[in-house]
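Notes to accompany the following structure.
What follows is calculated from the coordinates using simple rules that are stated; it is not laboratory data. From a predicted model like this one, the values you see are computed outputs, not experimental measurements. Glycine gets a Cβ as well: all are built from the backbone with ideal geometry, and neighbour counts include every protein chain shown.
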Amino acid sequence: MMSAKDPTPSIDPFSLELDLEQGLLPEPENRIVRRASDMRGYYADEAALERLIAEAGDPIHYEVFEVPVPEEAGQLMYCISTLRPGRVGDECFMTKGHYHTVAETAEIYLCLRGEGYMLMKTSAGRCAWERMARGRMVYVPPCWAHRSANTSDGEPLVSFCVYPAHAGHNYGDIQCEGFPRRILKRGGEVVFAGSASPGPAVTS
Ligand code: 6PG
Ligand code: NI
C-alpha cells in the first residue's frame, strides 16, 4: 500500500481524453469481451439464449475497456463498460453482476449513453435499482452486488465506472444467489419481475 510519505509512488500523474459521445476509451490496454455463450446460467430462458448463440453467431453482450492502474489500496480503477441492446426471451441483456471481493468498496457509474438500470442487492437479500441514462450517476455503496441491464431497443448502454483498485470481483456468489429481480421488457414496458431461482450454477 502507498503512503503519502512514500518516496516512490507506483505511478506518475497522467491524463487522457474520453470520447464521451461514443463512450470510448482511446487505446485501452485491456478489452474484456463477454459473448452470449459466456452468459449461460444467468438468464431465465436458457433455450432462448442457446438460440441466440446458435442463430446469431454468439453475439457480443458487453465489453469493458480499461487502462489499468496498479491493483493496490489508494489507487482508483476506472473503465468504460459498453452493454449491447438485446433480449434473451423478454429479459434485457445484462452484465453477469458481482460483489467486490473486498466487499467494503463502493463504485460510481456515470452513464454516458443509452438507457437501462443498475440492479443491486445485498447478501441479506435487500434489492434496489436505479435508472441509468446519459448524465445520470449511480452510486453503488459498499457491500452491494451490482449488475446493469440495457432496456433500450437499439442503443448501447455505456458507462464510465470508478472503484477502488484493490476491490476485485466476486462472481461466484451471484452465480449461486442470482438477483431477486429480473429486468424484462414486455409490450414496450420495463418490468421488474420476481426471480424465483438464479438458474443453474455455471463454472466460469
Ligand atoms: C467493475 C465494474 C464494471 C463491470 C462491468 C461488467 O467493478 O469492474 O462494476 O466495470 O465489471 O460493467 O460487469 P461484470 O463485471 O459484472 O461482468
Ligand atoms: Ni464493480
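Screening segment 84-107 for residues that are within 13 Å of ligand 2 (Cβ to nearest atom) and buried (at least 18 other Cβ atoms within 10 Å of the Cβ) and picking the one that is nearest to residue 123 (Cα to Cα) gives 99. Is there a residue in segment 52-60 that is among the aliphatic types (A, V, I, L, M), within 18 Å of residue 169 (Cα to Cα) and surrounded by fewer than 13 Cβ atoms within 10 Å (Cβ to Cβ)? Checking segment 52-60: not a single residue is among the aliphatic types (A, V, I, L, M), within 18 Å of residue 169 (Cα to Cα) and surrounded by fewer than 13 Cβ atoms within 10 Å (Cβ to Cβ). As for segment 6-14, it holds at least one residue that is aliphatic (A, V, I, L, M) and touching a residue at least 40 places away in the same chain (Cβ under 8 Å). Looking only at segment 138-151, residues that are surrounded by fewer than 19 Cβ atoms within 10 Å (Cβ to Cβ), on the phi < 0 side of the Ramachandran plot and in contact with a strand residue (DSSP E or B) (Cβ under 8 Å, 6 or more places away or on another chain) come to 1 in all.
Taking into account only those residues within segment 65-85 that are touching a Cys at 6+ places or on another chain (Cβ under 7 Å) and farther than 20 Å from residue 104 by Cβ, which is farthest from ligand 1 (Cβ to nearest atom)? Per the stated criteria, the residue is 65. For residue 160, the requirement of being hydrophobic (A, V, I, L, M, F, W, C), surrounded by 18 or more Cβ atoms within 10 Å (Cβ to Cβ), in contact (Cβ under 8 Å) with a residue 40 or more places away in the chain and in a loop (DSSP other than H, G, I, E, B) is not met. Only a single criterion out of (1) free of Cβ contacts under 8 Å to residues at least 24 places away in the same chain; (2) within 14 Å of ligand 1 (Cβ to nearest atom) is not satisfied by residue 58, namely (2).
Table: residues versus (1) assigned to a strand (DSSP E or B); (2) surrounded by fewer than 13 Cβ atoms within 10 Å (Cβ to Cβ); (3) touching a Gly at 6+ places or on another chain (Cβ under 6 Å).
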{"residue": "13", "(1), (2), (3)": "no, yes, no"}
{"residue": "17", "(1), (2), (3)": "no, yes, no"}
{"residue": "27", "(1), (2), (3)": "no, yes, no"}
{"residue": "31", "(1), (2), (3)": "yes, yes, no"}
{"residue": "64", "(1), (2), (3)": "yes, no, no"}
{"residue": "74", "(1), (2), (3)": "no, no, no"}
